[in-house]
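Since the structure comes first, as structure tokens, the remarks are kept for the end.
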Amino acid sequence: MSVQTITPKRLSELKAAGETIELIDVRTPAEFREIHVGFARNVPLDRLGASGLAEGGRPLYVMCRSGNRGREACEKLFNDAGVDVVNVEGGVLGWEEAGLPVVRGKKTISLDRQVRIAAGSLVLLGALLSALVSVYWIALPAFVGAGLVFAGVTDTCGMAMLLARMPWNRVRESPDGAACENNPSALGG
């Protein structure tokens, strides 16, 4: 499947012209909380399923940070359910670079940076332990290296999937689906 794309500017024009646009953002809830397009709905890639997303024969627009996870989501939705999907070129970064409005919230470290920090820390720890404690600790950086090669070849990162589920990457939601951090009434205040 060749993924259809649309520029952020063109999508904004369609929205301004009154077209009904269904835009999903497949980043983690914490990434979405930090910055997102006002009319986007957050459906994280690891929880993505076709049911209830595409209605009325209209295309489903997909966005992520830079376009890579969006392309992966489009392929998944098309292959699993034949959903008419369009990836937003450049993701949220492209949207912002085009000068289009975004909603900003609490800052977070991107999942890509978290993976680099975790992988680098594990490699450093394994190297230090193998030099200072036992040569067998060399298996730790070797395991991390093998995981990174696998992630590069398959475009699937187990460490990213694990980190996405960590408490600091979760956003509590109120019963109406709004993020508690952005909804004072959901916090009881």
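The values are calculated or read from the model by the stated rules, or taken from the named source; none is laboratory data. Because the structure is a prediction, the values reported are computed rather than measured. Note that each Cβ is placed from the backbone with ideal geometry, even for glycine, and that neighbours are counted across all protein chains shown.
For the stretch 96-118, residues that are among the acidic types (Asp, Glu) and exposed (fewer than 14 other Cβ atoms within 10 Å of the Cβ) total 1. Looking only at residues of the stretch 162-177 that are modelled with pLDDT under 85 and under 24 Å from residue 143 (Cβ atoms), we find that the one that is nearest to the chain's Cα centre (by Cα) is 164. Here the condition is being exposed (fewer than 15 other Cβ atoms within 10 Å of the Cβ) and either of a type in the set (Phe, Trp, Tyr) or more than 18 Å from residue 26 (Cβ to Cβ) (or both); of 121, 130, it holds for 121 alone.
Residues that are in contact with a Ser or Thr (Cβ under 8 Å, 6 or more places away or on another chain) and under 13 Å from residue 27 (Cβ atoms) within the stretch 68-91 comprise 88, 91, listed in sequence order.
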